[in-house]
Amino acid sequence: MNNKKIWVGVKEYILITLGVAMYVMGWIIFLIPNNMIGGGVTGLGSIIQYATNGLVKIGYTYFAVNAGLLVAALFTLGRSFGAKSIYAILLTSVLLNVAQGIVPEEIIKLLALDNGKLMCTIMGGIMVGIGIGVSMSQGGSTGGTDIIALIVNKYRNVSPGRMILILDAVIILSSLLAPSYMADGSRMPWPDKITTVVYGFILITIVSTVLDLYLSGSRQSVQIFVLSSKHAEIADAITSDLHRGVTVLNGKGWYTKNDTEVVMVITRKTDLNVFLKYINSIDPNAFVSVSSVTGVYGKGFDTFKTGSKK
């Protein structure tokens, strides 16, 4: 059991690292070279970096603001969340500063600058959204509005993507109040700033959509009905080997007028193939029906979120 817990912990931190790396690369390769502005603390940091002509890099602002938000998260989301998020925030802060000087300009030009701002917005948004989703699915966070979204999501059935979308819109609009200097040192004209804001809204829309799709995909459940003469063996195998609860319903075949039993089980979509292989190995002639379900609450699935406890 101890070895299993260690392996699970190591796997979680590896995935968080990969999520952070994808998040940072989305900014470094596609967004910052085009003076793009996104949401969250990273978006706020980008506004400050552009306003100071690169003197105050994103990583410094990112770390300073998240330090305060982490204190609130520790009291709300627990110590395990705090430990993972501290790791993710420290890693992101370092990479946002260091990677800006490591990624070769030729790669940035080839992948980003030569493809136009719209393509960079799409590609950057996809990478950022997946990066956030990977980190959040492992119980961590890339910080900023992600932490606020998780705090709200703990007590209310509000999707993290929608919550982040609202907060990010405010940050992007605030960029109109600050000056912005481009890579060559020239000040960005006012029409270009308005265009950048429009691209910023496209960016956060893509990020929130990708984030919700990733999280809903990883949590999606399926309901399986099995009609088989070997229903007892199938039910025993599911409970003992796959460790899922099983309900056996009384049924009647109307064509044959014979009584039968129906095995019903709800599981994660990611486990569906394993269940089907088990059922097929026991009874290749079994009749199986699979349907997607949403809103599965209870042990092993989601919990009701009706508000804070009094």
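At a 1.4 Å probe, what is the % contribution of carbon and sulfur to the accessible area of the chain?
Numbers: 10520 of 16600 Å².
Carbon and sulfur: 63 percent of the exposed surface of the chain.
What number, in nm² with one decimal, is the all-direction average of the projected area of the convex hull of the alpha-carbon atoms of the chain? Don't skip to the answer; put the middle values down first.
Numbers: hull surface 84.3 nm².
For the Cα atoms of the chain, the hull's average projected area reads 21.1 nm².
Of N285, L118, V103, which is farthest on the positive side of the dipole of the chain, counting Cα position, with +1 on Lys and Arg Cβ, -1 on Asp and Glu Cβ, and the Cα centre as origin?
About the Cα centre, the residue reaching furthest to the positive side is N285.
Would you list the membrane-span-like helices of the chain, meaning whole DSSP H runs whose alpha-carbon atoms span at least 24 Å along their axis and whose mean Kyte-Doolittle value is at least 0.0? Display every interim value, and only then the final one.
Details: long enough: 2-25 (35 Å, 0.68); 58-77 (27 Å, 1.63); 79-102 (34 Å, 1.03); 116-137 (32 Å, 1.44); 190-219 (44 Å, 0.88).
The qualifying helices are 2-25, 58-77, 79-102, 116-137, 190-219.
Once the piece of chain linking N250 and I102 is laid out straight, how much longer is it, given 0.36 nm per residue of separation minus the C-alpha distance between them?
Values: separation 148, 0.36 × 148 = 53.28 nm, distance 6.48 nm.
Residue separation times 0.36 nm, minus the Cα-Cα distance, leaves 46.8 nm.
In terms of Cα to Cα distance under 13 Å, which aspartates and glutamates are near enough to K277, apart from those fewer than 8 places away along the same chain?
Within reach: D241.
S229 to L110: extension gain in nm, 0.36 nm per residue of separation minus the Cα-Cα distance? Please list the in-between numbers first.
Values: separation 119, 0.36 × 119 = 42.84 nm, distance 6.12 nm.
My answer for the length gained is 36.7 nm.
How about the stretch 227-291: which trypsin sites (Lys or Arg not before Pro) there are in a DSSP loop, with at most 12 other Cβ atoms within 10 Å of their Cβ?
Working: sites: K230, R244, K252, K257, R268, K269, K277; in loops: K230, R244, K257.
Of the trypsin sites (Lys or Arg not before Pro), the ones in loops of the stretch 227-291 whose Cβ has at most 12 other Cβ atoms within 10 Å are K257.
Let me know the Rg and Dmax you get for the stretch 1-128 when you use only its Cα atoms, in Å.
Cα radius of gyration and Dmax of the stretch 1-128 are 16.2, 53 Å respectively.
Which pairs in the list K11/K230; K84/K154; K5/K57; K109/K193 are over 29 Å apart, alpha-carbon to alpha-carbon?
Numbers: K11/K230 38 Å; K84/K154 17 Å; K5/K57 38 Å; K109/K193 22 Å.
Check vs 29 Å cut-off fails for K11/K230; K5/K57.
Given the -39500 (n - 2.57) contribution per DSSP H run of 4+ residues, what per-residue ellipticity at 222 nm results for the chain, rounded to the nearest 500 deg cm²/dmol?
Working: 11 runs with 186 residues, N = 310.
Value at 222 nm, helices only, nearest 500: -20000 deg cm²/dmol.
Determine the order of H243, H231 by accessible area, beginning with the largest, at a probe radius of 1.4 Å. Before the final figure, lay out the partial values.
Details: H243 140, H231 45 Å².
Most to least solvent-accessible, the answer reads H243, H231.
Would you kindly state how much longer the chain becomes between S186 and M119 on full extension, computed as 0.36 nm times their sequence separation minus their alpha carbon distance, in nm to one decimal?
Numbers: separation 67, 0.36 × 67 = 24.12 nm, distance 2.37 nm.
So the extension gain works out to 21.7 nm.
Find the accessible area per residue for the stretch 1-124; the probe is 1.4 Å, ligands and nucleic acids are left out, and the unit is Å².
Working: 6190 Å² over 124 residues.
Here the per-residue accessible area is 50 Å².
Report, in debye and to the nearest 20, how large the dipole of the chain comes out about its Cα centre when Lys and Arg carry +1 and Asp and Glu carry -1 on their Cβ. Walk me through the intermediate numbers first.
On the way: 25 positive and 17 negative charges, 174 e Å.
With Lys and Arg at +1 and Asp and Glu at -1, about 840 debye.
The values are calculated or read from the model by the stated rules, or taken from the named source; none is laboratory data. Nothing here was measured: the structure is a model prediction, and the numbers come from that model. Virtual Cβ from ideal backbone geometry, glycine too; neighbours counted across all protein chains shown. For accessibility, only protein heavy atoms count, side chains too; no ligands or nucleic acids. Shrake-Rupley method; radii C 1.70, N 1.55, O 1.52, S 1.80 Å.
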